[in-house]
């Protein structure tokens, strides 16, 4: 039987843990050619957490073979703290990397590798922080949460919200924020709008129904809506204080002398906290349907993916205050989206804060600065002490 310090001796140090995690490909992508299972990463985390006394639950993500979430719980109670991260990475271009993306490489006080920053690097630091509390009588549980597919579908976090797990009171998501607490971010929606009309010879417009002309009018309506939303909603916490709508790409028609029978537009919309995605979609639809009927065009309007809702935790929340005190930084807002809205749906007071800079995420030669390692462990230990002891 393993006891006390023997349990901890079975768990590698931070560098060895990260080197192992980096060596395990766990790319998530909408492209099947790139997409990997994250099972090896989840099983490896379980292999380290179980000897420390964590009760480990590995949950498959419904409808996604090979994708798993992990919930590891130390102690028990109705409250407690979740330290959360995603196990997947984005795809990479090996021609642009100066080192092997799957080998942890140390250079200039940095650790390089795919996922060092975003965000496999958080797990070894969370485990290292937890080591100090093994064998201590926790008043509330410490939960380490590892999710699947954050970089592509967010379906791992979505599945947890639908399952009602984990149960706790507070959650810190260790996305790279340079250890500055983040209490709000915009949402992201990516939408498809398509008009189907009828082709015909361009010499007589009456022979067809021009989908491209319909889309021209539709784009004008979308830009009007954008202006209305930007007049109505502003949030000075954000660098870009208004919701944005970007007309991203358009495809339509096949020849200059044929009436365009089909035109498709893809656009994104980034709502501020307090803006509801279903309400926004309905507002768009209410502008598009009369236009399509008047022009006798068939209308298709649907999300390209389910979207990420905007997120906000109040400035006076206990977790926000605790993180501000431990870091010396005032909680702020960011433009990128995270799994925070789904942890909020579970009733968790949620904040985003972790080592590394978002500037290194999704980049060739991704790295985490070694100067961030010990401060992360110290901050997480402070949070565990406050919310679990």
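Coordinate-derived values only; no laboratory data. Quantities reported herein were computed from a predicted structural model and do not represent experimental measurements. FYI the Cβ positions are ideal-geometry reconstructions off the backbone, even for glycines, and counts take in every protein chain you see.
Odds and ends about this structure:
- Over the chain: helical MRE at 222 nm, DSSP H runs n ≥ 4 each giving -39500 (n - 2.57), nearest 500: -9500 deg cm²/dmol
- Axis of helix 122-131 versus longest Cα principal axis of the chain: the two differ by about 30°, to the nearest ten degrees.
- Inverse of mean 1/r across different Cα pairs in the chain, Kirkwood, Å: 22.7 Å
- Helix 39-49 vs. the chain, principal-axis angle (Cα, 0 to 90°, nearest 10): 30 degrees
- Volume per residue of the convex hull around the Cα atoms, evaluated for the stretch 77-225, comes out as 228 Å³.
- Hull volume per residue, based on the alpha-carbon atoms of the stretch 312-389 and their convex hull, is 111 Å³.
- Take the Kirkwood radius over Cα pairs of the stretch 189-303, plug it into Stokes-Einstein at 4 °C and 1.567 mPa s, and you get 86 µm²/s for translational diffusion.
- Note on 202, 37, 371: ascending count of other Cβ atoms within 10 Å places them as 371, 202, 37, the fewest first.
- Descending Cα extents along the principal axes, the stretch 251-389, whole Å: 70, 37, 22
- Simple spin-label estimate for residue 98 and residue 131 in nanometres, 7 Å along Cα-Cβ: 3.0 nm
- Rounded to the nearest 10 degrees, the angle from helix 318-327 to the longest Cα principal axis of the chain is 70 degrees.
- Of 23, 199, 152, the residue with the greatest mean-square motion in the GNM of the chain, using alpha carbon springs below 10 Å, is 199.
- Most mobile of 96, 270, 192 in a GNM of the chain (Cα contacts under 10 Å): 96
- Mean separation of Cα contacts under 8 Å (6+ apart) over length of the stretch 189-303, as relative contact order %: 42 percent
- Fraction of antiparallel bridges per DSSP, the chain only, in percent to nearest 5: 70 percent
- Taking 28, 203, 76 and counting other C-beta atoms within 10 Å, the order from fewest to most: 203, 76, 28
- Each residue in 224, 67 was given a count of other beta-carbon atoms within 10 angstrom of its own, and listing them fewest first yields 224, 67.
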